[in-house]
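Written out below as structure tokens is the structure these notes cover.
Nothing in this text is a laboratory measurement; each read-out follows from the coordinates by a stated rule. If you're wondering where the values come from, they're calculated on a predicted model, not measured in any experiment. All Cβ positions, even for glycine, are placed from backbone atoms using ideal geometry, and neighbour counts span all protein chains on display.
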Amino acid sequence: MHRLRTFAARLRPLTTAQSAQVFLQQRSAACALRTFQSERCYTVPVVAEPFLNGTSSNYLEEMYYAWLENPKSVHKSWDIFFRNANADVPPGTAYQSPPSPTAIKSQLLVGSQANVEKLVGDHLAVQSLIRAYQIRGHHVAQLDPLGIMDADLDLCVPMDIITSSSKLGFYGLSDSDLDTVFRLPTTTFIGGSESALPLREIIRRLEMAYCQHIGVEFMFINDLAQCQWIRQNFEKPGAMQFTPNEKRNLLARMVHSTRFEEFLQRKWSSEKRFGLEGCEALIPALKTIIDKSSENGVENVILGMPHRGRLNVLANVIRKELEQIFCQFDSKLEAADEGSGDVKYHLGMYHRCINRVTNRNITLSLVANPSHLEAVNPVVQGKTKAEQFYCGDTEGNRVMSILLHGDAAFAGQGIVYETFHLSDLPSYTTHGTVHVVVNNQIGFTTDPRMARSSPYPTDVARVVNAPIFHVNADDPEAVMYVCKVAAEWRATFRKDVVVDLVCYRRNGHNEMDEPMFTQPLMYKQIKKQSPVLQKYAEKLISEGVVTRQEYEEEITNYDQICEEAYARSKDKKILHIKHWLDSPWPDFFTLDGHPKSMTCPSTGLKEEQLAHIGKVASSVPVDDFTIHGGLKRILKSREAMVENRTVDWALGEYMAFGSLLKEGIHVRLSGQDVERGTFSHRHHVLHDQKVDKRTCIPMNHIDHNQAPYTVCNSSLSEYGVLGFELGFAMASPNALVLWEAQFGDFHNTAQCIIDQFICAGQAKWVRQNGIVLLLPHGMEGMGPEHSSARPERFLQMCNDDPDVFPKITAGFEVQQLYDCNWIVVNCSTPANYFHVLRRQILQAFRKPLIIFTPKSLLRHPEAKSTFDDMLPGTHFKRLIPEEGPASQNPAGVKRIIFCTGKVYYDLIKERKNKEMDATVAISRIEQLSPFPFDLVKAEVEKYPEADLVWCQEEHKNQGYYDYIRPRIRTTIARTRPVWYAGREPAAAPATGNKKAHLIELDRFLNTAFKLDAFQDQP
């Protein structure tokens, strides 16, 4: 004010004329300024507007204060005037005439260019700052509830994230810019309805959006609309707001989750249960996803998860009766009358109920699975795909899947990657899965720094552009919010999304384990950690959302529910494992309310049906469709076979599939290159040679009312794809679901699915499954790889007793099938292959079927069948007896050779060459398991003077010998020896030398027919 008074005193001595001159000259300057403004040469400072308009009597005071703050904010003439006045220039001389308009323009152009460059640079710096938070803000988010770990395993803070004002220099900014207002780019929503914010507020809002208890990874997604959608959901001010009712509901769910575990701990302190302590927020997380999905129209949710927290999920998400769960802890529980059963934390459940938030019906199923953690992932996806298929849900609007994971397994198990790569494939997509990772920040006892190379356990999800939402699991509201967003993402984009619940494990790997052995510092901190329920309850009480009395009443009420269920569980004598079924098949096992007959009808077809399907198989039922010239010849040869009433392997398969489709049975064939067939024999999908991607599937043109045929080339995966097809087969018994290995030994990499789900699935979980495995097998001289489908492995796992001859009664064949864990066959004729496929559907139950399929027999001139073998009244032949000259004179037969599969054709060729057709009988065991004791017995008794020989092309320690020999011995009451003819024991399945292969073949064929070959053997 002192300076202003001095300035006013110096202005007063001016004469009126001088004052007028000053005013007019400044007006001239203003006119010049307006002219330059219109020419877009510069921007007039805001503080000059009152003077330029001539409407403010206080313009001198306003300009003076503006000049004191920034001399460049006023016109040059005023700047000179104020400088002279402050320098005590004599009155009347402080004012100087302004420069000419041309001089002003040149000065302003030079000044404005520098200003514009700084302005643009500052805004670009702010935009880079915003982008840095969007890309790397999750690295500094407060994700670990314990406060001792960095979720990304990196202690360093990214250089471009502002953690102190000193880091502003990274962007060329300084503290003086913190209050500068910047226009916000269109790639952020932190402004809400505001288009510009001070830098200080921009940083604050970015920290609130990306650096608190939620860390968002999404900037690797290459779709702008998806990125903008995520930004809007996390950057918009006030996005994470909840009503008091929502908070109370969340608290109640936390009470249920926490008190359930505490109840089990009190009642069964010495039992393993793999409790959820440390991640109690999982229950409200899952329920939020389900609630939001139900609101969006989902009617069926299929879940898969490891063992940790499974009982809590069953109780509080699937809503299984608590007494059913508690009874599983009872040591007096009687054994189930079927199968082996399984531990309680491996079992599943199916439940149809009303969602209490949306008041809509919803079906929830948790798929049973073993301790092989992530193995259940593709199974859930396959089951989800099947449920979508059968209800016509082509977009995933009604059926969805949720997969739960552990952090160590999610990063370490390759099946996770395989399953993600199925997510967008047309024949495998489930239109988006919500993945929830229970991130304990530890494996069993292994520190994450020793368990993975990636920053986060969830990084594998980046390969399919799935957004990843990391969240501190000790903040239930943050968990609830990200789960809402995840469910909305899935509903909006039909793509996978990952929720990473960063938590801890209050106990060891299980309740009996001592974690302090290996993680002493972590568990010292865990012991100090207040339970999340306690912290959240105190928060809501302090907010006035609930009272302490209401909170305590909620706990008391749930504890009472548990106690009452515990009392009821004592009244139950037996809890049958069927209560835990995750895939019930209503009405399948009964007919008109009565159990189905344990008989299998004929699997043959009328000749006109065979001819009709054969005609479709040899035609192109689409107009103006150009096929490959070689394929024309194949179709023409099929047509000739139909005219001659014969079928080869490919046509026999076509007949089986086509007839089932006509009967309303959906057929799904999947695997690597199955559309054409590895050996170019199938050709179920025809490709137009002139129009790219135009295809035709003749099998879908058999009948107007037929079921659809799905044949799909899979990704180069066995583990994932076989698991997927197994899950697909779980959904309905009225479908033939087949997986074909490109070569039989490719099932090696799917062994987990075979061992854990297919072989023992019914025994463990009382869940039948009719999946079919097609495994090409045979020694063709092509080396050790792809020769053997390892039949010895499948036979070793069969549950029939080699030392017990069964009681042969009416219906023995079907009863055997019903009692076995799976069926293993090696067909030698197309007709038998046709029958076994049809039997798989026509029988009154479902069992997995393992078929060792041929390679060279696909085109072998002898490996053909006639229509007569496939007409009504015909069946699958478990054993094909000798039908040649030897069968006409049984007493003269010196040797009966039992064999299976392709080697039969080598044997009959050798027998003919040796002219021994009348003295050597050859019988083919087509169904290896369950073993056809009755038919083998009849065949042996037919040739009382014959030596018994088992012949196989596989090595002695492989193939079928160790399975077959004791069963034949049991059949004959061990009264005669069973000799072996085949390759010697070896480590590899086959030789890599063609000449050696032929020498081995010649040697064992000679042994098989040399009548004195075994005389000197014990």
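Can you list the HN-Hα couplings for the stretch 507-512, worked out from phi with the Karplus curve (6.51, -1.76, 1.60; θ = phi - 60°), rounded to whole Hz and with x for Gly and Pro?
Values, residue by residue: 9, x, 3, 9, 5, 9 Hz.
Could you calculate the FRET efficiency of residue 296 with residue 465 from 1/(1 + (r/R0)^6), where r is the beta carbon distance between them and R0 is 30 Å, rounded to 0.05?
That pair, residue 296 with residue 465, gives E of 0.90.
Using per-residue counts of other Cβ atoms within 10 Å, averaged over each peptide, order 382-389, 546-553, 526-533 from highest down.
Descending packing order for the listed peptides: 382-389, 526-533, 546-553.
Would you list, by chain and number, the lysines whose Cα falls below 18 Å from the Cα of residue 632, excluding same-chain residues fewer than 8 positions away?
Answer for residue 632, where 18 Å is the Cα cut-off: 615, 690, listed by chain and number.
Measuring from label point to label point, each 7 Å out along Cα→Cβ, what is the residue 998 to residue 611 span in nm?
Output for this residue pair reads 4.5 nm.
Pairs 320/527; 320/847; 236/495; 662/764; 247/344; 909/994: which are spaced more than 25 Å apart, C-alpha to C-alpha?
Violating the 25 Å Cα-Cα cut-off are 320/527; 320/847; 662/764; 247/344.
Taking the number of other C-beta atoms within 10 Å as the exposure measure, put 327, 752 in order starting with the fewest.
Placing the least packed residue first, the sequence is 752, 327.
Please give the peptides 888-894, 1003-1009, 314-320 ranked by average Cβ packing (other Cβ atoms within 10 Å per residue), highest first, as a rough proxy for protection.
Ranking, from highest mean packing down: 314-320, 1003-1009, 888-894.
Ranking 554, 607 by Cβ neighbours within 10 Å, fewest first, what do you get?
Ascending number of Cβ neighbours within 10 Å: 607, 554.
Going by C-beta contacts inside 10 Å, put 402, 221, 161 in order with the fewest on the left.
So the residues, fewest neighbours to most, are 221, 161, 402.
If I model a spin label as a point 7 Å beyond the Cα along the Cα-Cβ vector, how far apart are those points for residue 222 and residue 181 in nm?
About 4.1 nm, to one decimal.
Would you kindly state how much longer the chain becomes between residue 517 and residue 804 on full extension, computed as 0.36 nm times their sequence separation minus their alpha carbon distance, in nm to one decimal?
98.3 nm
What does the charge add up to near residue 242, with Lys and Arg as +1, Asp and Glu as -1, over the other residues with Cβ less than 11 Å from its Cβ?
So the environment of residue 242 carries a net charge of 0.
So what is the diffusion coefficient of the stretch 273-334 in µm² per second by Stokes-Einstein at 4 °C and 1.567 mPa s, using a Kirkwood Rh over Cα pairs?
In µm²/s, the coefficient rounds to 99.
Can you flag which of 596/855; 484/539; 636/914 are past 26 Å Cα-Cα? Show your work: numbers first, answer last.
Details: 596/855 38 Å; 484/539 21 Å; 636/914 37 Å.
Cα-Cα > 26 Å for 596/855; 636/914; rest within.
Taking each pair of different alpha-carbon atoms in the chain once, compute 1/r for the pair, average those values, and report the inverse of that mean as the Kirkwood hydrodynamic radius in Å to one decimal.
Taking every pair of different Cα atoms in the chain, averaging 1/r and inverting gives 34.4 Å.
Taking a ≥ b ≥ c as the square roots of the eigenvalues of the Cα gyration tensor of the stretch 114-235, is the shape rounded (a/c under 1.5), prolate (a/b larger than b/c) or oblate?
Numbers: a/c = 1.95, a/b = 1.35, b/c = 1.45.
In terms of gyration-tensor shape, oblate.
Counting Lys +1, Arg +1, Asp -1, Glu -1, what net charge surrounds residue 676 among other residues with beta carbon under 14 Å of its beta carbon?
After counting each charged neighbour, the total is -3.
Apply the a/c threshold of 1.5 to the C-alpha gyration tensor of the stretch 487-552 and tell me whether it is rounded, prolate or oblate.
Oblate.
Taking the Cα of residue 962, stepping 7 Å toward and past its beta carbon, and measuring to each backbone N in the stretch 800-840: which are under 20 Å?
Flagged as within label range: 800-804, 821-826.
Compute the signed sum of charges (Lys and Arg +1, Asp and Glu -1) over the other residues within less than 10 Å, Cβ to Cβ, of residue 984. Intermediate results must be reported in sequence, preceding the final value.
Values: positive: 956, 983, 1003; negative: 1000.
That works out to +2.
Suppose R0 equals 56 Å; then what is the FRET efficiency for residue 552 and residue 590 from their Cβ-Cβ distance, rounded to the nearest 0.05?
On the way: r = 50 Å, r/R0 = 0.90.
E(calc), rounded to 0.05, equals 0.65.
Please say if the stretch 166-291 is rounded, prolate or oblate, where rounded means a/c under 1.5 for a ≥ b ≥ c the square roots of the C-alpha gyration tensor eigenvalues, and otherwise the choice is prolate for a/b larger than b/c and oblate otherwise?
Details: a/c = 2.74, a/b = 2.46, b/c = 1.11.
Verdict is prolate for the stretch 166-291.
Would you calculate, for the chain, the mean residue ellipticity at 222 nm contributed by helices, counting each DSSP H stretch of 4 or more residues as -39,500 (n - 2.57) and dividing by all residues, to the nearest 500?
About -12500 deg cm²/dmol.
Give a residue-ordered list of calculated ³J(HN,Hα) values for the stretch 883-895 (Karplus: 6.51 cos²θ - 1.76 cosθ + 1.60, θ = phi - 60°; whole Hz; x for Gly, Pro).
Computed from phi, the couplings for the stretch 883-895 are 10, x, x, 4, 6, 7, 9, x, 5, x, 7, 8, 8 Hz.
I need the calculated FRET efficiency for the pair residue 715 and residue 154, taking r as the beta carbon distance and R₀ as 30 Å, to the nearest 0.05.
For R0 = 30 Å, the calculated efficiency reads 0.40.
By a straight-distance test (C-alpha under 13 Å), which aspartates and glutamates pair with residue 528 as possible cross-link partners, with residues fewer than eight away in the same chain excluded?
Cross-link targets: none qualify.
When you count, for each residue, the other Cβ atoms within 10 Å and take the mean per peptide, how do 367-380, 196-209 rank with the highest first?
Going by the mean number of other Cβ atoms within 10 Å, highest first, we get 367-380, 196-209.
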